[in-house]
1. In degrees between 0 and 90, to the nearest 10, how far off the longest principal axis of the chain does helix 84-93 point, with axes built from Cα atoms?
2. Count charges around GLN54 for me, please; just the other residues with Cβ under 14 Å from its Cβ, Lys/Arg as +1, Asp/Glu as -1.
3. Toward the positive end of the charge dipole of the chain, about the Cα centre and with charges on Cβ (Lys, Arg +1; Asp, Glu -1), which of ILE63, LEU47, LEU74 goes farthest?
4. For the chain, take the longest principal axis of its alpha carbons; what is the angle in degrees between that and the long axis of helix 68-78, to the nearest 10 within 0 to 90?
5. GLN33 to ASP8: FRET efficiency via 1/(1 + (r/R0)^6), r the Cβ-Cβ distance, R0 41 Å, to the nearest 0.05?
6. Give me the angle, in degrees from 0 to 90, between the Cα long axis of helix 13-51 and the longest principal axis of the Cα atoms of the chain, rounded to the nearest 10.
Amino acid sequence: MVHLFDVDLKDTQFYRDVFAEDADFGRREGERQGRQAGEAEVLLRLLRKRFGVQFAATQEAAIRALQEEHLNDLAEALLDFRSSKDFADWLARNP
């Protein structure tokens, strides 16, 4: 008969499966966050270049906080902005 205390849990398939899934989740989440941060940085650079201004720290923070789908929406809207006010208006409508 096998006793529970005679088995090292780290040697079990269950243990390996659980921690493998956890590591995969962490890796995917890290990749998502990195992609989102990179997209936000590119949009900030494009906006600065387009309007030749530095944006308020609150506006930059708001862009960095946008979810991926909103970053994509901003990327498309950026093509239609005529002034930095258009950007400010878009940001106010898409918190």
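1. 50
2. Around GLN54, the surrounding residues sum to +3.
3. Sorting the options by dipole projection puts first LEU47.
4. On a 0 to 90 degree scale, this one is about 20.
5. The computed FRET efficiency comes out at 0.75.
6. Relative to the chain, helix 13-51 is tipped by roughly 10 degrees.
Readers should treat all values here as calculations from the given coordinates under stated rules, not as data from a laboratory. Predicted, not measured: the structure shown is a model, and the values here were computed from it. Reconstructed Cβ throughout: ideal geometry from the backbone, glycine too, with neighbour counts over all protein chains shown.
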